[in-house]
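The numbers here are math on the coordinates, done by the rules we state, and not lab data. This structure is a prediction, so every number in the text was calculated from the model and none was measured. Using ideal geometry, Cβ is built from the backbone for each residue, glycine included, and neighbour counts are taken over all protein chains shown.
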Amino acid sequence: MKKMARVDHRGRALCAAVAVAALFSPVEGFAAGRSPSQAPVKAALEPDGRAEARLIGIYRMVGKANSHQVLEEARALVSDYPNFQLGQLVYGDLLMAHVRPPRVLGDVPAGLGADSPRLRELRDESRLRLLALQERPPADAVPAQFVSLSPRNKHAIAVDVSKARLYLLENTPQGPRLIADYYISVGKAGVGKNVEGDQRTPLGLYFITSNLDPKSLKDLYGSGALPINYPNALDVRRGKGGSGIWLHGTPSSQFSRAPLATDGCVAVANPDLERIIRTVEIRTTPVVIAKSLKWVGAKTIEPEKTELEGLLRSWAEAKTRNDAGRLMGFYAADFTADEKTLAAHAALRRGKPSGAKTRETRLSDISLLRWTDEADVLVSTFGELATGEKSGRTIRQYWERRKGQWKIVYEGVVG
């Protein structure tokens with residue numbers, strides 16, 4: 001009985017150190033061995049052998065003061081993932097618990113790097129992983145930016161920088177559904193990219209443009225890379241610079257990187273990135289990168305979807321009727337277009353000859369994405385087919401709300 005009491009004492013002490021003090025914020029529920037949230041956690045904790053799921057399982061066992069089993073699980077984790085430094089740190093604390101209770105996560109003796117930058121990064125990583133699992137998105141909710149996804153948007157990605165988390169959604173007939181989420185790293189200087197070399201990750205609405213062959217990449221980028229279209233048309237209009245923003249993996253020496261560690265890209269552990277690459281489609285997968293995501297229910301977002309689809313169809317109707325005056329009313333005075341559409345808009349401004357034949361403009365596969373920063377922004381992407389034409393084209397428009405009215409500031413053909 002005395003021996004069991006000592007084991008329980010070590011477990012309770014380690015629980016308090018790892019799950020509360022060391023993480024710099026209370027983790028409600030862990031001390032009692034409960035789930036950190038009553039919200040669904042299946043996506044993040046599904047039993048597929050992923051390192052993070054196993055690490056969180058270890059945290060939970062610590063909360064139950066099961067010192068023997070938790071030590072075995074930690075030993076197996078670092079054996080399977082020898083470059084998972086956070087796992088190594090927790091394993092070291094568990095071993096230390098047999099001598100004295102750890103005071104903080106990574107209880108390194110004074111003089112041996114007890115307050116080193118890397119140790120602080122690992123503590124931050126642990127805190128953010130737990131925060132994302134503690135504050136789960138509500139069931140059947142989607143990020144507010146995804147007003148409407150078209151059937152062509154089979155998947156969507158949302159990055160919440162405040163939780164160091166990437167959420168992967170599948171677009172089902174019943175609407176977008178969260179299928180997985182992963183810990184991520186962003187720029188060393190944080191977010192809000194403006195110029196080349198500022199080591200910041202951009203904020204906004206983007207699309208995956210390609211899938212780079214991992215054989216062509218340096219080890220820094222891990223098992224692959226998915227570039228996004230930064231700077232997009234809106235970024236260019238706002239004078240933002242830089243390029244080469246990717247979703248990519250991690251170097252072979254690191255399972256994961258510190259929360260702020262890249263030159264502006266979004267970095268994901270290699271096994272997680274490999275699943276993302278196997279899942280998403282290039283050119284049609286939207287990517288939202290936000291300081292913090294707001295999750296909303298489908299019923300909440302339906303009125304906005306109806307309003308914005310109506311706006312777009314009114315634009316198409318004006319185009320069908322060759323009503324140049326009404327049509328140009330949808331465009332901002334400082335509107336710009338790419339080389340494929342600029343000539344057509346110049347003709348519209350000149351006006352159509354009276355009696356010009358009406359050609360119906362039909363829209364399909366409408367996608368509507370919303371963004372709000374210094375302006376309210378709408379990104380609409382849709383297929384356009386005019387009567388008499390055998391093939392159509394895909395159009396992307398950027399709208400801004402100005403004096404209470406939506407105006408198109410950019411329009412281009414998606415190649």
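Other residues within the sphere of radius under 14 Å centred on the Cβ of residue 251, judged by their own Cβ, net out at 0 (K and R +1, D and E -1).
Given +1 at the Cβ of Lys and Arg, -1 at the Cβ of Asp and Glu and no other charges, the dipole of region 141-293 around its Cα centre is 260 debye to the nearest 20. Once the Cβ-Cβ distance of residue 294 and residue 95 is raised to the sixth power relative to R0 = 35 Å, the FRET efficiency obtained is 0.25. Compared with the direct C-alpha span, the chain from residue 174 to residue 414 gains 83.7 nm at full extension, assuming 0.36 nm per residue. Annotation note: GluC sites (Glu not before Pro) in region 270-318 located in DSSP loop regions with a Cβ neighbour count of at most 16 within 10 Å are 281.
Given +1 at the Cβ of Lys and Arg, -1 at the Cβ of Asp and Glu and no other charges, the dipole of region 298-413 around its Cα centre is 540 debye to the nearest 20.
Taking 7 Å steps out from each Cα toward its Cβ at residue 386 and residue 79 produces label points 6.9 nm apart. Taking K and R as +1 and D and E as -1, what net charge do the other residues with C-beta under 14 Å from the C-beta of residue 297 add up to? It works out to a net charge of +1. Across region 200-212, coupling constants 3J(HN,Hα) worked out from phi with the 6.51/-1.76/1.60 Karplus curve, θ = phi - 60°, read 10, 8, x, 10, x, 10, 9, 9, 5, 9, 6, 10, 7 Hz, and Gly and Pro carry x.
Projected label points at residue 195 and residue 374, each 7 Å from Cα along the beta carbon direction, are separated by 1.5 nanometres. Full extension of the chain segment joining residue 314 with residue 364 gains 16.6 nm, where the gain is 0.36 nm per residue of separation less the Cα-Cα distance.
Going down the list 218/291; 188/403; 188/218; 154/390; 305/403, which pairs span over 27 Å between their C-alpha atoms?
Too far apart for the 27 Å limit: 218/291; 188/403.
If r is the Cβ-Cβ distance from residue 339 to residue 53 and R0 is 60 Å, what FRET efficiency results, to the nearest 0.05? It comes out at approximately 0.80. Amide H to amide H, with H built 1.01 Å from N, residue 245 comes under 5 Å of 228, 230, counting only residues 5 or more places away or on other chains. A Cβ-based charge dipole, computed about the Cα centre of region 242-334 with Lys and Arg at +1 and Asp and Glu at -1, lands at about 100 debye. Label positions at residue 279 and residue 218, each projected 7 Å from the Cα along the C-beta direction, are separated by 2.9 nm. What the phi angles of region 265-282 give under the Karplus curve with 6.51, -1.76 and 1.60, with θ = phi - 60°, is a coupling list of 7, 10, 9, 10, 3, 3, x, 5, 4, 4, 5, 4, 4, 5, 9, 7, 10, 6 Hz, glycine and proline written as x. A cut-off of 5 Å between modelled amide H atoms, ignoring neighbours fewer than 5 places along the same chain, links residue 262 with 186, 187, 188. Among beta bridges identified by DSSP and lying wholly in region 145-249, the antiparallel ones come to about 95 percent. Using the alpha-carbon centroid of each, what span in Å lies between region 135-159 and region 52-97? So the separation of the two Cα centres works out to 33 Å. Computed 3J(HN,Hα) for region 57-62, one whole-Hz value per residue from the Karplus formula 6.51 cos²θ - 1.76 cosθ + 1.60 where θ = phi - 60°, is x, 5, 4, 5, 5, 4, glycine and proline marked x. Amide H contacts of residue 410 (H built 1.01 Å from N, in plane; Pro and chain starts excluded): 336, 398 sit under 5 Å, all sequence-distant by 5 or more or on other chains.
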